Ligand code: NAP
Ligand code: GDD
């Protein structure tokens, strides 16, 4: 019989790629979707007749319970989150509710309905925050720097606790930044590639950014959802860092994006404004994914120049003539 999987956050960047991957593997795929006044289904429009959508919200215990009763999944991927770090400073309580308590609501529902289901939690390199060593691995101490990071830290430990206390198969994927043509426009990479496409097509003159010196380990999202799946195929639950192992500045990303459209004097098109700075910044991130390579057989393939190319080309196409 086909395995069933339930994805929270199925309308997001990762949720949509993961749904594609699981459908290709023959899974029956369920997706938890919250009610919005205008449905946000752009990322899964092409999958609407294949994914079974379930009403639910991570802030609502009974809807999560009902969704698990209806889907009875073998695997649960918890990707739902208020995932924008900047917003978490303005909406700390909502972020804690969705990203922190939401995971506990899901674990409680799973404990009751599908105790043996394998569960993936979308943990993050934001847990390392003010980094204590570089590169960061599964043993690096945490020091989150935002309400988002703090909520995700609570969720991380809740997963470890449900594993130890109830013997549940819960794994944390500590994923470093991963991007794609489906990334939200508020995130740095998409803001830049979309902005560059607009400038190249004569529809805009500038991009306005914050800290150009921040460093991130940026990978390609479709490869990262494969790592999620691999974690749940392991006989024992565990925690894994998923990253490329390369770290680049925001400035380098911007320069590469402008290079894709033949603009060399990129500084002329970039303004900075303090409103894009964060009250506490994560200055640098670089992941050591050697455990994932060894145990899961997973390795990042797409490096930064190729990632930038994919994203700029998709935005040029979207922005049009
Ligand atoms: P995303 O594009 O922002 O997607 C977030 C998803 O969560 C959307 O489907 C959103 O639904 C859903 N959601 C938000 N609030 C909800 C609520 N109250 N109830 C139910 N669903 C809700 O994020 P992503 O980039 O795909 O990331 C997926 C997960 O990985 C997130 O948990 C993120 O924090 C984590 N993560 C991401 C990265 C990265 O670099 N992308 C790295 C590490 C960890 P709507 O469409 O209705 O808004
Ligand atoms: N968004 C944004 N907008 N970021 C900017 C800007 C700007 O105008 N200018 C500079 N930056 C810098 C930010 O200060 C940060 O250092 C870096 O660019 C990346 O910012 P984001 O793309 O917003 O991502 P993030 O690293 O804060 O968080 C993402 O990655 C995490 C994993 O490390 C999100 O996807 C999180 O959900 C995820 O957990």
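Computed from the coordinates by the stated procedures, all read-outs in this text should not be read as laboratory data. Predicted, not measured: the structure shown is a model, and the values here were computed from it. Note that we place each Cβ from the backbone using ideal geometry, even for glycine, and neighbour counts take in every protein chain shown.
With the gyration tensor restricted to C-alpha atoms of segment 179-321, the semi-axes of the equivalent ellipsoid amount to 31, 17, 12 Å, longest first. Spatially, segment 278-312 and segment 122-164 are offset by 16 Å when compared through their Cα centroids. The angle between the Cα long axis of helix 102-113 and the longest principal axis of the Cα atoms of the chain comes to about 30 degrees, rounded to the nearest 10. Based on DSSP, what percent of beta bridges with both residues in the chain are antiparallel, to the nearest 5? About 5 percent, rounded to the nearest 5.
Relative to its residue count, segment 40-189 spans a Cα convex hull of 125 Å³ per residue.
Convex hull volume of the Cα atoms of the chain, normalised per residue: 133 Å³. A Förster distance of 30 Å, applied to the separation of the beta-carbon atoms of residue 278 and residue 70, puts the FRET efficiency at 0.15. Relative to the longest principal axis of the Cα atoms of the chain, the long axis of helix 13-24 makes an angle of roughly 60 degrees.
Considering all alpha-carbon pairs of segment 235-307, what whole percent are spaced by more than 17 angstrom? Of the Cα pairs, 62 percent sit more than 17 Å apart.
In this calculation the C-beta distance from residue 226 to residue 52 is compared with R0 = 35 Å, giving a FRET efficiency of 0.95. Taking the convex hull of the alpha carbon positions in segment 125-187 and averaging its projected area over all directions gives 5.5 nm². Modelled label positions at residue 203 and residue 259, each set 7 Å beyond Cα in the direction of Cβ, lie 2.6 nm from each other.
Note on the chain: helix-only mean residue ellipticity at 222 nm, from DSSP H runs of 4+ residues weighted -39500 (n - 2.57) and normalised by residue number, equals -11000 deg cm²/dmol. Taking the longest Cα principal axis of the chain as reference, the axis of helix 61-71 is set at about 80 degrees.
Placing a pseudo-label 7 Å from each Cα along the Cα-to-Cβ vector at residue 317 and residue 301 gives an inter-label distance of 1.8 nm. Taking 0.36 nm per residue of sequence separation and removing the Cα-Cα distance, the residue 249/residue 37 pair yields an extension gain of 72.6 nm. Averaging the Cα positions of each part gives two centres, and for segment 1-53 and segment 207-277 these lie 24 Å apart.
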